[in-house]
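Every number in this text was worked out from the coordinates using simple rules, so none of it is lab data. Note that the structure is predicted; figures quoted are calculated from it, not measured. Here Cβ is always computed from backbone atoms with ideal geometry, including for glycine, and neighbour counts include all displayed protein chains.
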Amino acid sequence: MTSLLLRTIIAAAVIAAATEFGRRSPRLGGFILSLPLVSMLAMLMAWFRDHDIVAISRFARETLVFVVCGLPFFVPLAFAQQLGLGFWAAMGAGTVLAAATTAVGLFILG
C-alpha cells in the first residue's frame, strides 16, 4: 500500500510540475513530460520488490511499444491551430488516434 501511495504522489508531483513549468515555458513543460520518470520509478520499485530482470525487461519492451502507439495523441493538439480545432476537438481527435493505434498495436502483437 505504501508503494502505491508513493507512486501516486510522485506521478501527481510530476504532472503538477509539468503543468506549472509548461505555463511559463512550453518547452520545459514538454521536456518534463517526455522524461520517463514514472516508468523509471515503477521499474525501480518492481526491481526492489522482485529482483526479476526477465519481468522488468518484458515490462520495458511493452512500455516501449505502447509509448510509440500513444504518440499520435499529440498530433491534433500540436497542430490544433493550423487544423482549426478547439481544445476539446483536438483532445478528442488525439484520444481517438491513440486508441486506434493502440488497438492496432495490440492486434499486431497478439
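Return one number: the angle in degrees, 0 to 90 and rounded to the nearest 10, between the long axis of the Cα atoms of helix 37-50 and the longest principal axis of the Cα atoms of the chain.
Around 20 degrees separate the two axes.
Can you tell me the mean projection area, over all orientations, of the convex hull of region 1-50's alpha carbons? Units nm², please.
3.2
On a 0 to 90° scale, report how tilted helix 53-70 is relative to the longest principal axis of the chain, with both axes built from alpha carbons and the result rounded to the nearest 10.
Between the helix axis and the principal axis of the chain, the angle is about 0 degrees.
With all distinct Cα pairs included, what does the Kirkwood hydrodynamic radius of the chain come out to in Å, to one decimal, could you say?
Details: mean 1/r = 0.0626 Å⁻¹.
One decimal place: 16.0 Å for the Kirkwood radius.
Taking the Cα centre of the chain as origin, work out the dipole magnitude from +1 charges on Lys and Arg Cβ and -1 charges on Asp and Glu Cβ, in debye rounded to 20. Let's see the in-between values first.
Working: 7 positive and 4 negative charges, 42 e Å.
Dipole of the chain, to the nearest 20 debye: 200 debye.
Given an 8 Å cut-off on Cα distances and at least 6 residues of separation, report the relative contact order of the chain as a percent.
17
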